[in-house]
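Peer 1: Sharing a structure with you now.
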Amino acid sequence: MTPDLPDYYFRVRENGAFVFRLDTENRQRRIEMQQIAVVNIRNGEIKPHGGRTLSPQDMAEIERWMAERRETLARRDIDDILRTVDHLNLTTHWAQSKATHEQLEQVTDALLLAMHDLRSVLVRKKADRMNKG
């Protein structure tokens, strides 16, 4: 394997990845990708592909990738929520200073319902945390 390429490639999909072992040790020095497994990040399932048996090294690399991927997705979730807070602030400014009557008519009910739903969930979750702590 060349020093620039990893031994494994993970083709990300919505709920996990397809796992490939990379090989450049062939006559043509081409990169060959052999699918070795399918990973489901939600339930932790690792399915060997095509009747293969995964080596301990394969399993260790897949499990390492899964842990990293879960951390990445968790960070993205928090970042998305913090961006939502920014968008709410920008929306407030827009509604107060720039929005036309017609624009407000178009979005007010949807925004109010979404904010009411969010507020209800946040208040209930906060009360649960306070009762437990």
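Peer 1: Return yes or no: is residue 94 over 20 Å from the mean Cα position of the chain (by Cα), in a helix (DSSP H, G or I) and of a type in the set (A, V, I, L, M, F, W, C)?
Peer 2: yes
Peer 1: Within region 94-112, can one find any residue that is closer than 30 Å to residue 18 by Cα, hydrophobic (A, V, I, L, M, F, W, C) and touching a residue at least 12 places away in the same chain (Cβ under 8 Å)?
Peer 2: no
Peer 1: Against the definition (in the same structural domain as residue 37 (by TED's automatic domain parsing), free of Cβ contacts under 8 Å to residues at least 60 places away in the same chain and basic (Lys, Arg)), how does residue 69 come out, yes or no?
Peer 2: Criteria met by residue 69.
Peer 1: Let me ask something else. Among the listed residues 29, 69, identify the single one that is part of a loop (DSSP other than H, G, I, E, B) and charged (D, E, K, R).
Peer 2: Just a single option satisfies the conditions, and that option is 29.
Peer 1: Of the conditions (1) small (Gly, Ala, Ser); (2) touching a helix residue (DSSP H, G or I) at 6+ places or on another chain (Cβ under 9 Å); (3) within 13 Å of residue 8 (Cα to Cα), residue 60 fails just one. Which one is it?
Peer 2: Exception for residue 60: condition (2).
Peer 1: For region 43-52, enumerate the residues that are basic (Lys, Arg) and either part of a strand (DSSP E or B) or within 11 Å of residue 17 (Cα to Cα) (or both).
Peer 2: 47
The values are calculated or read from the model by the stated rules, or taken from the named source; none is laboratory data. These figures come from a predicted structure and were not determined experimentally. Glycine also receives a Cβ, built like all others from the backbone with ideal geometry; neighbour counts cover every protein chain displayed.
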